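Undergrad: Let me give you the structure first, and then I'll get to my questions.
The values are calculated or read from the model by the stated rules, or taken from the named source; none is laboratory data. None of these values were measured; they are calculated from a predicted model. Using ideal geometry, Cβ is built from the backbone for each residue, glycine included, and neighbour counts are taken over all protein chains shown.
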């Protein structure tokens, strides 16, 4: 199956939360941050337009005046002027294009930086409602969509409109009829371009569909190669691929028509303009109403309409795409973090780890209470195993301790300090968090273990690994501790990733540990190290474990059984088994059968 | 350079398979260019010939000639473009088909050596780059050259001395092409690479945001992002600066040439050596010289990209499989299922040993449990049986910690020194190290390399913990190995795999439901059971089960376990599992570390040995006891009442 394809948003999709003018204003405001550069660009653009309009006039005056008068000095002066104008034109283009790029790229840098900062500040509820793929797309693709417009597209499109107008006005000073002939092609050019762009967009849509089936088929074939081979099914796959390949061929041939006709047609319309100038100009010349220089000048003007028209018509497409991107980026930027530090928040000091949930009531959405009047007192150094069905509120309890969400009633205190009175950052640094999916960063095994304490020595790393009983396994990896773990740790097995995350947590040595145990069973070669490692990790610190492993549950100081957000039982394994209550049935129905499969001979 | 020319000319050989089209569009492009080159001459004649006659009709005629030439240029240009589009598409169609066939034929080591994502890029992005070249490249280079030469010819025709002066523009054009290829584009590529780095840092931090926060590493990560973002800003800005510097330089050089023409042409005009028409024609012609410079620069860029893309894509076609069918295959219908590994060594390209001296035999119907971590070699070992890889074919010698291949000339290089094999051993500093002859993997006593690949693989079934299913119906997926088999057969396999009930009761279209993006989504446990049914239909004598991880609930786990047990009956089974029960029941437990067997035997034997396995079993047993004690007491309490 083609996982990982079509994950991107439709680039043209808009939700219209912001109006076009709001988006434009906001984007421009990023450019206005560089007022000096902006002023430079405006001056240079104006200068450039002046030169574009003036150059053909110089040519005309050379032909009409100097050629006829035979004034060599005048000729040298005019030719020199023409050359100077060309060099000036180069320097203004360089200056203005570079300044625009600089401004635009700085703005892009700025937006990306702001967005990242915002993403760091946003609370957990934001990540709950948007998939990480989409969030990543915000900070990469969507900002790129704005990039083209910001670094030149916006300003130069406006500049091109002025070019068209400036030429349109200038030519009327020289000859009315030829001016009309020259201007007449502009609307034709514009309409033709718009027509073809529309055609090409439609064609592009259909080719995008066929090419994505080709890609999907290829992706499936490549990732399923092993299965195909082991069942010797190659021939059928080849036939299936041929179908999608052929469909793509046909839709592209269709698209080729519009694509091939577009530019030659536009250029022909330009030729039509010159034809009119030659025709009308020729007549006027015979009548002595115009000069050769004027005709040459008009021909030069006529050909300078192309670029502006192409840029202006393209502007629409790039604005659509930029607006779509900008809207999604601004939506994230405008999101308020649901949890903010108090103004007088202080740093959480070193703690012993006495945790109290005092009459806590909490709901994610109003009206759907998850925890109600929840009370729990955890002594320093105690290990608590949270057990219960899915949805009983286990994850909520640990999320609240980390203040990923704010509670509605009651208080959560660590060593008597309400967690809302301290900064979130200092709170997080006191609580170690070991997640179900052990997330590793690109880099070596060693780098990852060192993550929470960058200054730790190699010896400390080996020691930590030894303590959790993972040394033999990690040393057994291809390159031992220097093994590159790959993107998100993908080159290690799940169990090995967990062991690395244990070592990472042990090295960071927090006084409070929250551990969300993985539900999946792991090959026993790694499993036994994990069970040993867990013991070491939990020792001597206040720990709350969302427990699935029998060993973890049995070894906990206290088991807390949750049901519908309430504590229904607490006690040790032995005590609870004797009670024959909720825990007993959980044990019989879930914990034991799972464990049995991995441990007990049938 | 000789080799590097290869890929584009190879691409050309594909285009040459469609000769009429290929030459047709090239000729059409040339004819269009010729018409275009004639237009300035019409302008010359209008001014010099038509207007002096004072006859309106003559002027119209000439102007219409101009229009006709422009129209012909447009038509032939369209023809050239359309022809190129069709050719490009045909070539891409052929090429994709060929690549696909070749992908289907590749052996598995090819897929292991190349990451899926990269392979996919080679057959998508790189192929698209080549299509760009097919559409634009040939035409752009050809038109560029034709227009360059043609313009000078026309200029020469009008005024040889002025043309002589204007030849000075050629070095400028060449310098322009050179600067873009060597100076500007590389900076763009490096900025794009930096963008890749920035994106992956961002993606990583977003996915791992919780970890970042919980280790209070926000500031550190913010700095890392800032650093990469700033580098991207710098590189990208530098690339754009170079572009804005060099791009407008080209029209400026030609503008300066126009200034020169004004001066020189003016002098000639005053002295009576040049007409208005010729002067005007020159102004137009100089403008026409910009296009070849642009086109050729562009063409060079495309050529470079197509060449690089070609190298990556043709790699797939050129990659030779090491695994071949034997010349005189041993015929076989059904295996008994005896598997033997005899001193098996395996290395990728001869340097990194994945398996070292693996040696054991499995009797038909036995169960072998494999233990070991990532990099232990257990997966590679399994892949040797269906010949996804072959064992090393050269003899080896182990000296201290190192393993070395013996070369064909019976020598071996160790730490830069060449040693010769004598009497089946290498002698270093008076110590003899025995040379190990190449290993074998045998099924039913016959080396697997002597069977036809198809026969061999048909008799070996593989079930993975995260099995790959195709976007087809459930029925097609189960009947994957035997597309013609009856529905009853599919159904009974599904029943044995404990998945029939689910299919019938929970899926609207039952066995005809399509799996995948546009169809039903299955959980890991359901996929696994469909894969078991698929293996049951295939009915292999040897089974390879990878059952190491699965996040399923207890009930599903029981269903899978039951299905697997049914599947294993009467088959030689290799299993990688997390279930201690399965391991205890195995006839043989093989524990691998870094490619070497460290412990081997039955559960009881290994416990008696008191090694690492015994340690594992003990830890797990302790947990089991700790959990069971209260059960006994509570039951004991109940009986005493």
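Undergrad: Out of curiosity, is residue A:391 under 30 Å from residue A:589 (Cα atoms) and either assigned to a loop (DSSP other than H, G, I, E, B) or in contact with a helix residue (DSSP H, G or I) (Cβ under 8 Å, 6 or more places away or on another chain) (or both)?
TA: Yes: the conditions hold for residue A:391.
Undergrad: Another question about this same structure. Are any residues in segment A:528-552 buried (at least 23 other Cβ atoms within 10 Å of the Cβ) and at the interface with another protein chain (Cβ under 7 Å from one of its Cβ atoms), and if so, which ones?
TA: Once the filter is applied, which keeps residues that are buried (at least 23 other Cβ atoms within 10 Å of the Cβ) and at the interface with another protein chain (Cβ under 7 Å from one of its Cβ atoms), segment A:528-552 yields A:528, A:550, A:551.
Undergrad: Okay, next question. Across segment A:435-446, which residue is surrounded by the fewest Cβ atoms within 10 Å (Cβ to Cβ) among those that are outside any strand (DSSP E or B) and at pLDDT 90 or above?
TA: A:446
Undergrad: Could you count how many residues in segment A:183-201 are exposed (fewer than 13 other Cβ atoms within 10 Å of the Cβ) and farther than 18 Å from residue A:271 by Cα?
TA: Count: 2.
Undergrad: Would you confirm whether or not segment B:84-91 contains a residue that is under 18 Å from residue A:220 (Cα atoms) and either facing chain A (nearest Cβ under 7 Å) or in contact with a strand residue (DSSP E or B) (Cβ under 8 Å, 6 or more places away or on another chain) (or both)?
TA: no
Undergrad: Something else: Scan segment B:113-131 for residues that are surrounded by 15 or more Cβ atoms within 10 Å (Cβ to Cβ), in contact (Cβ under 8 Å) with a residue 40 or more places away in the chain and over 8 Å from the mean Cα position of the chain (by Cα) and jot them down.
TA: Once the filter is applied, which keeps residues that are surrounded by 15 or more Cβ atoms within 10 Å (Cβ to Cβ), in contact (Cβ under 8 Å) with a residue 40 or more places away in the chain and over 8 Å from the mean Cα position of the chain (by Cα), segment B:113-131 yields B:126, B:127, B:129, B:130, B:131.
Undergrad: Being in a helix (DSSP H, G or I), under 30 Å from residue B:508 (Cβ atoms), touching a helix residue (DSSP H, G or I) at 6+ places or on another chain (Cβ under 7 Å) and within 14 Å of chain A (Cβ to nearest Cβ): is that true of residue B:477 here?
TA: Against the criterion (in a helix (DSSP H, G or I), under 30 Å from residue B:508 (Cβ atoms), touching a helix residue (DSSP H, G or I) at 6+ places or on another chain (Cβ under 7 Å) and within 14 Å of chain A (Cβ to nearest Cβ)), residue B:477 qualifies.
Undergrad: Looking at (1) farther than 14 Å from residue B:344 by Cα; (2) away from chain A (no Cβ under 14 Å), can you tell me which one residue B:370 breaks?
TA: With (1) farther than 14 Å from residue B:344 by Cα; (2) away from chain A (no Cβ under 14 Å) applied to residue B:370, the lone miss is (2).
Undergrad: Can you tell me how many residues within segment A:494-526 are within 21 Å of residue A:463 (Cα to Cα), at the interface with chain B (Cβ under 8 Å from one of its Cβ atoms) and touching a strand residue (DSSP E or B) at 6+ places or on another chain (Cβ under 7 Å)?
TA: Selection size over segment A:494-526: 2.
One line per residue, one yes/no per condition, for (1) out of contact with any helix residue (DSSP H, G or I) (no Cβ under 6 Å at 6 or more places or on another chain); (2) in a helix (DSSP H, G or I); (3) at pLDDT below 90:
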residue: B:34; (1), (2), (3): yes, yes, no
residue: B:38; (1), (2), (3): no, yes, no
residue: B:41; (1), (2), (3): yes, yes, no
residue: B:62; (1), (2), (3): no, yes, no
residue: B:69; (1), (2), (3): no, yes, no
residue: B:81; (1), (2), (3): no, yes, no
residue: B:90; (1), (2), (3): no, yes, no
residue: B:110; (1), (2), (3): yes, yes, yes
residue: B:117; (1), (2), (3): yes, yes, yes
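Undergrad: Output the number of the condition that residue B:445 fails; it satisfies all remaining conditions of (1) over 26 Å from residue B:593 (Cα atoms); (2) in contact (Cβ under 8 Å) with a residue 24 or more places away in the chain; (3) surrounded by 14 or more Cβ atoms within 10 Å (Cβ to Cβ).
TA: Result: residue B:445 fails condition (3) only.
Undergrad: Scanning for something under 18 Å from the mean Cα position of the chain (by Cα), at pLDDT 90 or above and in a helix (DSSP H, G or I), does segment A:51-60 turn up at least one residue?
TA: Checked against the condition, which is being under 18 Å from the mean Cα position of the chain (by Cα), at pLDDT 90 or above and in a helix (DSSP H, G or I), segment A:51-60 yields no hits at all.
Undergrad: Additional query: Tell me which helices (runs of 4 or more DSSP H) are completely within segment A:115-211 and hold 2 or more residues being within 30 Å of residue B:204 (Cβ to Cβ) and touching a residue at least 60 places away in the same chain (Cβ under 8 Å), or say none if there are none.
TA: Result: A:124-129, A:132-137, A:143-148.
Undergrad: Select, from A:489, A:432, the only residue that is within 27 Å of residue B:219 (Cα to Cα), at pLDDT below 85, assigned by TED's automatic domain parsing to the domain that holds residue A:403 and crowded, with 21+ Cβ neighbours inside 10 Å.
TA: Answer to the check: A:489.
Undergrad: Please state which of the following conditions residue A:245 fails to meet, knowing it meets all the rest: (1) under 26 Å from residue B:91 (Cβ atoms); (2) crowded, with 19+ Cβ neighbours inside 10 Å; (3) more than 7 Å from chain B (Cβ to nearest Cβ).
TA: (3)
Undergrad: Moving to a separate point now. Give me the helices (runs of 4 or more DSSP H) completely within segment B:182-279, filtered to those with at least 2 residues that are under 31 Å from the mean Cα position of the chain (by Cα), touching a residue at least 40 places away in the same chain (Cβ under 8 Å) and more than 7 Å from chain A (Cβ to nearest Cβ), ordered by residue number.
TA: B:185-207, B:218-246
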